[in-house]
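Student: This is the structure, below, for whatever I ask next.
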Amino acid sequence: MRKSFARVGAATLALAMSTATLAACGPGGGSDSGEPTEITMLVLGDKPENGRLEAMLEELNPRLVEEANATLDFYYVEWADWQTQYNTQLLSGDDSIDLITTATDWLFAWENAKKGAFLPLSAEMLQEHAPRTWEQVEANGNWDKATLDGEIYFIPEDNLTQWTNHGFFYRGDWAKEAGFEDGTITKFEDFTTYFKWVKENKKDAYPWDVAGANEAALTGYLQGHTDGQTIQQITAGNYFPFQTTEADPGTVTSWYMEGDELLEAAELAKEWNDIGVWREDALNYDGVTREQFYAGLSGADQHHTQTFIGSIVDNMNKKQPGSDPKFFYWGQENGNFFRDIPTHGAMAVNATSANPEKALEVYDVLRNDEEVYKLLNFGIEGTDYVMTDDGKLGRPEGWDETTDALGSNFWGGRMDEFEPDRVTDAPNKQEIYDELDAAAKDYPYSTLIVNKELIDPYLAAMGGVLSEYIPQLQYGKFDDPAAAIADMRAELEAAGYNDARDAIQADLDAWAETRAHRRSG
């Protein structure tokens, strides 16, 4: 049974039927005739209830009928318990879903490919049914990043410029008053000075209003004070427990288990807690702290570059004029941060799809036809978005993201050439991009596949241990962080850390040997 579908309206279907005879041939390969095929795409996110998605589909689907004799439908995996729901759905055998949003670093693409969730895609199949996509990915040399045991299993979103490296947003005006030249903070631990100033001089504001089981105060420090390289494919609950180092990229380790830097980070977090940087109940608080930042009631916020350039700067300049919003990104001190991998977003074909060729034809249109792309991603011009005289994308007067967002969440095929600048973009967006690009590293393990079936029980047990200790270390709630870390490490060992590490090491060794063989051959 289909669940949570955004259904095409009756008018759309009637129009699609009336135009089906137009599908003689199109760039998507739609040379067939007869009733249009309905293609369903699985996306992540809460299903929109404002009618904007349905209105968009009423305009998009006739175009798809012309191009590929098909219509588009949506299946939403909503954010509540999304990890479990996503993996369960992919392995359910449901043949009503055709296209699946995936990723290798957060949506378990390799694991689901190995479990048979995705249809293998031959070069011939892609060339025939998604020719424009094939040519673009081939030109970028990225098909190998979607290949397992000689088979292509998904299409990388490899033609989109984005930076999802995390860091602090803070107020340059307050930082300047706190004594930082030009209001610019360049070291993680220097936020202690900034937070103290906010605490002492802005009595109504939290220095950093943060909520939930966050680990930013730890990972931000660790990234800037070690050369640890997190293996992004492996999670234990909400945590990423395994790293290598830049100095020794062939050896699996963990900054939760080795070295003194975790203790240094935890002691800094305790100092921040003692200062009163965050609310006392931050660990259990579930309010929207970003709104506090916009209201001048928080000195900092935390997320990634795209959030900063896309909304933080614009909102702060409007809601807190003169606040001079700035961004300090994790690893800024030592250059220990990475470009996004080409498979941070990707699209797969469901292994049980009844219409895999047609699914590829539809995807090829969604990704490469500018008119369809704009409808899918931005909505209807004049209602969902407007274009300014200088070619920037803006919103109509009165538009509110919380109530009016389109919510199509197409995160598996966006293209730079169809992505205009936004009126809300930070004025120095390109300068930020250039600075990051000059210092960032390429993630070295994008094609590493770990046999998680061997270690899932250990990871589950480790996730339980980490969820007990890391949030309390992050918020400085242990009177003796050193004793807490020692206890955590003992419990992680008991949970199977060493066995998991050894299994990952074996996979890393095999992967490195294969790569070396290919280079020498």
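The values are calculated or read from the model by the stated rules, or taken from the named source; none is laboratory data. In this text, all values refer to a predicted model and were calculated from it rather than measured experimentally. Methodologically, a virtual Cβ is constructed for each residue, glycine included, from the backbone with ideal geometry; neighbour enumeration extends over all protein chains shown. Areas reflect the complete protein model, heavy atoms only, side chains present, ligands, DNA and RNA absent. Shrake-Rupley method; radii C 1.70, N 1.55, O 1.52, S 1.80 Å.
Student: Can you sort Lys187, Lys202 by solvent-accessible area, 1.4 Å probe, largest first?
Tutor: Highest to lowest solvent-accessible surface, that is Lys187, Lys202.
Student: Which net charge results when you count Lys and Arg as +1 and Asp and Glu as -1 among the other residues whose beta-carbon is under 10 Å from that of Lys429?
Tutor: Net local charge, Lys429 excluded: -3.
Student: Restricting to the chain, what percent of DSSP beta bridges are antiparallel, rounded to 5?
Tutor: Taking every DSSP beta bridge within the chain, about 65 percent pair in antiparallel fashion.
Student: From the square roots a ≥ b ≥ c of the eigenvalues of the alpha-carbon gyration tensor of segment 101-163, which class results: rounded (a/c under 1.5), prolate (a/b over b/c), or oblate?
Tutor: Since a/c reaches 1.5 but b/c is at least a/b, the shape of segment 101-163 is classed as oblate.
Student: Right, another one. Which whole-angstrom value gives the distance between the alpha carbon centres of segment 269-335 and segment 452-490?
Tutor: When both Cα centres are located, 26 Å separates them.
Student: Another question, then. Once R0 is set to 45 Å, what does the formula 1/(1 + (r/R0)^6) return for the Cβ-Cβ distance between Ala354 and Lys187, expressed as a FRET efficiency to the nearest 0.05?
Tutor: Between Ala354 and Lys187 the formula returns 0.20.
Student: How charged is the neighbourhood of Tyr285? Take every other residue with its Cβ under 11 Å from the Cβ of Tyr285, and add Lys/Arg as +1 and Asp/Glu as -1.
Tutor: Charge balance in the 11 Å sphere: -3.
Student: Quick one: dipole size for segment 380-521, taken about the Cα centre, charges +1 on Lys/Arg Cβ and -1 on Asp/Glu Cβ, in debye to the nearest 20.
Tutor: Dipole magnitude for segment 380-521 comes out near 600 debye.
Student: Along the Cα→Cβ direction, 7 angstrom out, place labels at Ala483 and Ala516. What is the inter-label distance in nm?
Tutor: Computed distance between label sites Ala483 and Ala516 equals 4.7 nm.
Student: May I ask you to compute the full-extension gain from Thr147 to Ala439, defined as 0.36 nm times their residue separation minus their alpha-carbon distance, rounded to one decimal in nm?
Tutor: Contour length minus the Cα-Cα distance gives 102.3 nm.
Student: Further question: Could you order peptides 355-361, 204-210, 513-519 by the average number of other Cβ atoms within 10 Å of their residues, highest first?
Tutor: The packing order, highest mean first, is 355-361, 204-210, 513-519.
Student: A further question follows. Would you mind computing the Rg to Rh ratio of the chain from its alpha-carbon coordinates, Kirkwood style for Rh?
Tutor: For the chain, the value is 0.98.
Student: Here's another thing I want to ask about it. Compute from the Cα atoms of segment 288-358 the Rg and the Dmax, the latter being the longest Cα-Cα distance, and quote both in angstrom.
Tutor: Rg, Dmax (Cα atoms, Å): 18.9, 56.
Student: Between Asp95 and Asn451, 0.36 nm times their residue separation minus their Cα-Cα distance comes to what?
Tutor: 125.5 nm
Student: Name the residue farthest towards the positive end of the dipole of segment 263-383 from the options Tyr329, Gly382, Thr305, assuming +1 on Cβ of Lys and Arg, -1 on Cβ of Asp and Glu, about the Cα centre.
Tutor: Gly382
Student: Glu371 versus Lys319, label points 7 Å from Cα toward the beta carbon: distance in nm?
Tutor: Taking the simple label geometry, Glu371 and Lys319 are separated by 3.9 nm.
Student: Once the Cβ-Cβ distance between Ala490 and Asp173 is put in as r, and R0 is 56 Å, what FRET efficiency do you end up with, to the nearest 0.05?
Tutor: E between Ala490 and Asp173, to the nearest 0.05, is 0.75.
Student: Answer with one residue from Tyr221, Asn201, Ala139: the one whose Cα lies farthest towards the positive end of the charge dipole of segment 134-229, charges on Cβ with Lys, Arg +1 and Asp, Glu -1.
Tutor: The residue sitting most towards the positive pole is Asn201.
Student: Using a probe radius of 1.4 Å on heavy atoms only, what accessible surface per residue do you get for the chain? Whole Å² is fine.
Tutor: On a per-residue basis, the chain sits at 42 Å².
Student: Quick one: if you stick a label point 7 Å off each Cα along the C-beta vector at Asp274 and Glu401, how many nm between them?
Tutor: If labels sit at Asp274 and Glu401, their model points lie 3.8 nm apart.
Student: Okay, moving on. So how do 89-98, 43-52 stack up, highest first, on mean other-Cβ count within 10 Å?
Tutor: 89-98, 43-52
Student: Here's a follow-up. Let me check I've understood the local charge: for Glu111, count other residues with C-beta under 9 angstrom from its C-beta, Lys and Arg +1, Asp and Glu -1. What total comes out?
Tutor: +2
Student: Cross-link list Lys326/Lys477; Lys47/Lys318; Lys319/Lys374; Lys176/Lys477; Lys176/Lys202; Lys326/Lys429: which exceed 22 angstrom alpha carbon to alpha carbon?
Tutor: Lys326/Lys477; Lys47/Lys318; Lys319/Lys374; Lys176/Lys477
Student: Further question: Nearest 0.05, what FRET efficiency do Asp260 and Glu200 give at R0 = 45 Å with Cβ-Cβ as r?
Tutor: The pair Asp260/Glu200 has a calculated efficiency of 0.90.
Student: Carbon and sulfur atoms: what percent of the 1.4 Å accessible area of the chain do they account for?
Tutor: Roughly 46 percent of what the probe reaches on the chain is carbon or sulfur.
Student: Something else now. Under unit Cβ charges (Lys, Arg +1; Asp, Glu -1), what dipole magnitude, rounded to 20 debye, does segment 381-452 have relative to its Cα centre?
Tutor: Magnitude of the dipole: close to 540 debye.
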